[in-house]
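> First the structure, then my questions, so here it is.
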Amino acid sequence: MQKRPKRRRSNRVVAGHPPRRPIRGAKWILGGAISLGLLICVMLSLYRKDDPTAESPRLPQRETETFSPPTRLYHVIVPNSSDDPEALLEAQAKLVAEMRSEALALVKHLMTTFPLDENADILQGDIYEDLREDTLSVAAWKQALAKNPQRSDLYEKLGRVAAAQGNQEQAIAYWNQGLQTNANTPNLRWLIANVYHIRGEPALAADLLVQECMLSPPAARNYFLLGQCYRQLQQFEQAAVNYQKAVEISPDYYNAYYGLAHVCRMMKETERAKEALEKFRALKQRADASEDRQIPIEEITQTRKRLAAYYIKAYKLYLRHQKIRPGEPLLERAVAIAPDWALCLEKLAAHHYRLERPAEAMKLYRQAQHLDPNQPMYAVNIGTLYRQLRRYDLAEKAFRQAIRRFPSYSPGYRELILLNLKTDKNLRETLSLAQRAVQLKGTADNYYTLSKVHHVNGNGHAALSAIEKAIRLDPGDLTYRSFDAIIRRR
């Protein structure tokens, strides 16, 4: 056998043809040694193939494991609409066309990567809907339903397309089918009621809206439409009650003020009607002025945000399948497309937090906080990252600032409590903080935190009472049950 010259950083030996001339003496011994060495190498390589503990070469990933978004950004110069409206429309059309192409590439990738996940079909349908490809969006949602018939939320989407195409009967059929799948599905009753209201059947609409208001969290649109129905039924007192609830939930809901003004006039409540009408005019004028000023820029901004949102939803698919690192380029692309949208920065920050990169997460949360200083979550998360970095002084400062700025945000109290428990500081103050957090929001997590504080302070009865409330609110949480057992052993 002959041995090829060794290549750099390679241990492979390739067998050649045996020499044609016999080898004698030392050459024979040397040749035999080389042959024996080669035989041993071959045997070891065969053994390693069957050895489960042997280190195997890293196989290249499938092309569908990761997605490489375009590195090019969309730089669209927005001209002044009053000077050159045609240039604005041309720039916007170009931007939309480029982003449409990128969105379709993302759809193709997701369907190749997650062919069995109905969430990929749903996102595909949502993207096609935004692109006004109704036939394709309906096909994608129906494909998702074939994979999971219990997705009652898809019937809302199918019904919306049918209604937009003028087929109200088909829309109602879809929405009723969704209610049959899950009677507590939100929005479906409102959608059916809205069709009845438009048709001039307010009694049928009102029955559905009363149920919707009972089952769903308070929503201004539910009470407004119910007020409209009672107004059609000439039940003006009931209409006024519901219009009033709508503006209490959403103080800028100017249509509700207009309805309230109308029914108050019918009930001869002149002063109340006058106040409501003045409020309507002021809010409507402010909204109209704001909309007029924002139209040119907002359309381009919203186009960017829609594409960035697709990437965020695609990243969630990766999370569902435990593919956190391969999903990172998707969030980075979202930030590149919409760098002034705090949500993108927050999602990328949370990604870094999952991968235990607190410094990177901190930087992004600070950028998000700069863009949206009125979001309390960013302030609290910055304090949590300081705590993770063992900068307890800075963590305490961040939590106290969050509590001062956002006194109604209970997570700020809870995180300061956890810091105090960890550092064994301010335990008397910690009890009042825990009680305040529960007053603000009686969640299972807040009751669990209150229980821990009582336990540290030696108040076993109060600790037991608090943890029992936490378990009632979230009976499936094993942490609460484990702490309950600890308290009872003492």
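The values are calculated or read from the model by the stated rules, or taken from the named source; none is laboratory data. As the structure is a computational prediction, the values presented were derived from the model and not from experiment. Reconstructed Cβ throughout: ideal geometry from the backbone, glycine too, with neighbour counts over all protein chains shown. Only protein heavy atoms, including side chains, enter the accessible area calculation; ligands, DNA and RNA are left aside. Shrake-Rupley method; radii C 1.70, N 1.55, O 1.52, S 1.80 Å.
> How many percent of the accessible area of region 379-490 is carbon or sulfur, using a 1.4 Å probe?
48 percent
> How big is the Rg/Rh ratio for region 303-411, C-alpha atoms only, Rh by Kirkwood, two decimals?
Looking at region 303-411, the ratio lands at 1.00.
> Can you give the accessible area of Glu346 in Å² (nearest 10), computed on protein heavy atoms with a 1.4 Å probe?
20 Å²
> Tell me the accessible surface of Ile122 in square angstrom (1.4 angstrom probe, heavy atoms of protein chains only), to the nearest ten.
About 20 Å², rounded to the nearest 10.
> Could you state the accessible area per residue of region 86-231 in Å², with a 1.4 Å probe and every protein chain left in place?
Heavy-atom accessible area per residue stands at 47 Å².
> Further, regarding this structure: Would you mind working out the magnitude of the charge dipole of region 283-431 relative to its Cα centre, with +1 at each Lys and Arg C-beta and -1 at each Asp and Glu C-beta, to the nearest 20 Debye?
480 debye
> Equivalent ellipsoid semi-axes for region 131-214, as square roots of 5 times the alpha carbon gyration tensor eigenvalues: give them largest first, rounded to whole Å.
So the equivalent ellipsoid measures 23, 16, 8 Å along its semi-axes.
> What part of the accessible area of region 133-254, given as a whole %, is carbon or sulfur when the probe is 1.4 angstrom?
Accessible surface attributable to carbon and sulfur in region 133-254 totals 49 percent.
> If DNA, RNA and ligands are ignored and the probe is 1.4 Å, what is the ranking of Asp484, Asp130, Asp393 by accessible area, most exposed first?
Asp393, Asp130, Asp484
> Quick one: order His321, His454 from most to least accessible surface, probe 1.4 Å.
Descending order: His321, His454.
> For region 88-207, what is the relative contact order in percent, using Cα pairs closer than 8 Å and at least 6 residues apart in sequence?
Relative contact order here is 14 percent.
> Where the centroid of each part is defined by its Cα atoms, how far is region 364-391 from region 170-229 in Å?
40 Å
> If you don't mind, there's one more thing I want to ask. So if I take the alpha carbon set of region 227-275, get Rg, then get Rh from the Kirkwood formula, what is the Rg over Rh ratio?
0.94
> Of Arg387, Arg366, Arg265, which has the most accessible area with a 1.4 Å probe, and how do the rest follow in descending order?
Result, largest first: Arg265, Arg366, Arg387.
> I'd like the accessible area for Met214: 1.4 Å probe, protein heavy atoms, all chains in place, Å² to the nearest 10.
The value for Met214 is about 150 Å².
> Report the per residue volume, in Å³, of the convex hull enclosing the C-alpha atoms of region 354-482.
Normalising the Cα hull of region 354-482 by residue number yields 114 Å³.
> Just to confirm, what accessible area per residue do you get for region 358-472 at 1.4 Å probe, in whole Å²?
Result: 51 Å² per residue.
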